Each structure stands twice: as structure tokens, then as C-alpha cells.
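Shown next, in C-alpha cells, is the structure this report addresses.
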Amino acid sequence: MKGTVQDTSQTDGGVAPVLVLVVTLVAMTAGSVYMNKVSPVLTNMVSDLGITTADAGMLISIFTLSGIFLSIPMGVLTTKYGAYRAGIFSLAALVVGSAVGAVATTYPLMLASRFIEGIGLMFLATIGPSIVGGAFSNEKRGTAMGILMCFMAIGQILDLNLAPIMAEAGSWRSFWWLSTGLAAVGLVLWVVVIRGVPSAMDTPPAVSGERGEAGFALGQVLRNGGVWLVAAAFFTFMVAHMGAFNFLPTFLTEVGGVSSTTAGSLTSIASVIGIPVGVVGGIIADKVGSRKWPLAVALGLLGVLLLLIPVFPSASYAPMMVLYGCVSMEEAGYCKTGASEVVEPALRSTSTAVVNTAQWAGAFLGSTVFGVCLGSVGWNASFAIMAVVAFVGAVATVLNRRLR
């Protein structure tokens, strides 16, 4: 049935697309766990390693910095060597990085381990959407991508619930070993399943004798206006979303008067809601046969909600977070799908890499910009500025003629 992910067909390698999706989701969820595992046990790590809070902050942000500088080179390398081999490298980096972190007793070694982990996740962020996008037909790709984009929310839920418990029961290092095991499972599944999944991005057709060259692919992508507009939409979304979302617990505490524990629990509602919303958003996009208009509408609604957040009464914070999850957790799937659809199949991994660079740049700037605005103009105006950024993303999406 159109709009569902039940696809009984097979890829060129004889592997069911749903199996490709499941394995890729496991691998990317492992990466998401790595990205978010520091925050829930930050206090424990500061005490154990004898580091400052500024040092601890770098352990978190180094992931984002890796994405800004490495996404495009990773896309080029993936185009050159193929998703299968790049995936093995990515998951191996996660396993090695986490194992090193689990035994690290000094800050430099822990920072190095986080950088290695970050390389693994950033490669997966490029590979995953490309290989899943190639495994499914146009009619089912949005649904599949919506499911895949649940990886971040699933990782956040695992981190927020398991890491503090394991740290309290023994040591934060126990969770590092658990995450090492999760990546190792993903690596084994990848080796067994994805080996039989050749895709267009792994074997680009020859054009003018240069088609297989990674640099040629990058040049083609950078000349594609549709890619730039998808990147602009993703960048503005990440600035608005990450800026507002990262400060919501503080807003709920300072303005709403709730405890920090309650504020954290309320904020997590959006992540929980994000799992079904991401899937439903993909189904809707498939049914209407468009990524452009669902993305534009979602960004527009996000902007409206950001304008309204400061006027919500404290008794309505839970419903507010439900609404936030509904309007902010499907954009990533639309942008990742769009990145693969505004270029020909051979350029998907490189296009995704360019869009990923915009994503991580937006994530890095979002909190910084919101923090500067908050110190200058206060809560109401800061949320309004984020709303304007979201509206700009909606306009960029509407103007994208290559995005269907």
C-alpha cells in the first residue's frame, strides 16, 4: 500500500529494504547514544576525571564541531569507497572510541575518545540516509526516512533513562561499555547484511570519463541550487530548534517556576512524541507525494509555536511540549529525504554530506545565538527571533523548485 514501509521487494543485492532500514537504524541509534551520553552523567565525570565544567562542555560540543568540518570530506570518501566500507569504518570508530573512553583516566584521552566517536557518528549521519534512500522507492522513501530519523530520539531516551541509573549503581563507565556493545552489535549486523546491498552511490555511472571521481561529484552537488535550499532549510531548522529546545528546561525553571527535575521530564516529552511523529510525518509525505509542502508547513508551525511559548501558562507546559514534539520532530526526515531527491542517485551521499554540514553548523550556532539573544533582549524576544529563523526556512523550502 502506498505510504507504508511494508516493502516486500529486494535491493539489487537480494536484501529486503526493511532489513536494510532496521540495520541502519540500529547503527545510527548507537551513534546517537554516543552523542548524548555525556550530559546525563556529567556531574559524575567531572568528579571522576577532575575536570572543569568548561572541559566537560567540550566533551559534548566536539561532536558538533566534527560534523561541521568533516561532513563533506566524509561524503566524498563515501562516494569514493562506498557505503559498505564506510559503514564498517564508522562503527569500528564508535567501538574503539567508546572502549578508550571507558578506561580513560585523563581529560586529553577522554577528549580524544570523544573525537573518535564523533567521526563514527558523522560518517553514519551521511551514510544512513543515503543507503536507506537508495533501498526504497519514491513512494515509500519518506516513510522509511521518517522511521530512520527516530534514531536521535531513541538514543536520547536510552541515555536519559539508563546512564544515570548505571552511574548511580556503579560507575558512568558501565554505560560506556554498554554503548560499546551496542555499536559492536551494529557492526556485526552491518557486515552481515549490508554487504549484499550495492547501491547507485557505490557504483556511480561513468559520465565524460569523470563520474567516479569524488571531486567531480562534490562539484556537481555544489552547483545544484536545490541542495543549497535544502541545506538552508535544515540549517534554519537546527538554529531555531536547538536554540529553543536546549534552553526550554531553563525557561521552565526560571519563568515557569518548576523544579529542574520536572523541567527535564517535561522537556523529554517532545523526544518521546518525536518517535511516532517522525514516522507519521514520513507517511504523510509519501501519501501527498511531496517533501516540499510538509516541510514548509512544519517549519511554519514551529515558528508559530515558538512565538506562543512565552505566553503558555505553567499548567499547560505538558501540552506545550506535546505540541513542540509534533511540529519539530519531522523536519529532519524531510530534509534528509530531500537531500537524496534533488540530485541523481550517484550523488546522494555527497548531497547528504553537504546538508549534514548545514545541520551541524545550525546545531552549533543555535544555542550560542539563543544565549546571546537571551542576555540582550530576554525570553520573549529570543523565542521570537528563533521563530523568524524558522519562517526563513519555510520560505527557502517553498522556493526550492527541485524539491517535489
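The values are calculated or read from the model by the stated rules, or taken from the named source; none is laboratory data. If you're wondering where the values come from, they're calculated on a predicted model, not measured in any experiment. Every residue, glycine as well, gets a Cβ built from its backbone with ideal geometry; the counts of neighbours run over all protein chains shown. Protein only, heavy atoms only, side chains kept; ligands, DNA and RNA dropped before computing areas. Shrake-Rupley method; radii C 1.70, N 1.55, O 1.52, S 1.80 Å.
Numerical summary
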| quantity | calculated |
| --- | --- |
| From the options Thr357, Thr352, residue that is at negative phi, open to solvent by less than 10 Å² (accessible area, probe 1.4 Å) and assigned to a helix (DSSP H, G or I) | Thr352 |
| Selection status of Ser130, crowded, with 24+ Cβ neighbours inside 10 Å, modelled with pLDDT of 95 or more and under 21 Å from the mean Cα position of the chain (by Cα) | no |
| In the stretch 329-341, the residues that are crowded, with 24+ Cβ neighbours inside 10 Å and not hydroxyl-bearing (Ser, Thr, Tyr) | Met329, Glu330, Glu331, Ala332, Gly333, Cys335, Lys336, Gly338, Ala339 |
| Test: residue in the stretch 269-281 that is among the hydroxyl-bearing types (Ser, Thr, Tyr), surrounded by fewer than 18 Cβ atoms within 10 Å (Cβ to Cβ) and under 18 Å from Leu323 (Cβ atoms) | no |
| Pairs where the first residue, in the stretch 384-404, is part of a helix (DSSP H, G or I) and at pLDDT 95 or above and the second is buried (at least 21 other Cβ atoms within 10 Å of the Cβ) and among the basic types (Lys, Arg), C-beta under 8 Å, 6+ apart | Thr397/Lys292; Val398/Lys292 |
| Criterion: outside any loop (DSSP other than H, G, I, E, B), of a type in the set (A, V, I, L, M, F, W, C) and within 18 Å of the chain's Cα centre (by Cα) - qualifying residue of Leu111, Leu65, Leu77, Leu42 | Leu65 |
| Residue in the stretch 321-328 that is open to solvent by less than 10 Å² (accessible area, probe 1.4 Å), more than 18 Å from Phe370 (Cα to Cα) and assigned to a helix (DSSP H, G or I) present | yes |
| Residue in the stretch 94-117 that is crowded, with 24+ Cβ neighbours inside 10 Å and β-branched (Val, Ile, Thr) present | no |
| Test: residue in the stretch 258-266 that is more than 26 Å from Thr357 (Cα to Cα), open to solvent by less than 30 Å² (accessible area, probe 1.4 Å), touching a Phe, Trp or Tyr at 6+ places or on another chain (Cβ under 8 Å) and of a type in the set (Val, Ile, Thr) | no |
| Residue list for the stretch 70-110, filter: without any contact (Cβ under 8 Å) to a residue 24 or more places away in the chain and of a type in the set (Ser, Thr, Tyr) | Tyr81 |
| Counted residues, the stretch 392-404 - those being open to solvent by 70 Å² or more (accessible area, probe 1.4 Å) and within 24 Å of Asn246 (Cα to Cα) | 1 |
| Tally, over the stretch 194-214, of residues that are part of a helix (DSSP H, G or I) and modelled with pLDDT under 65 | 1 |
| Residue match in the stretch 358-372 (condition: over 20 Å from the mean Cα position of the chain (by Cα), over 30 Å from Gln220 (Cβ atoms) and without any contact (Cβ under 8 Å) to a residue 40 or more places away in the chain) | yes |
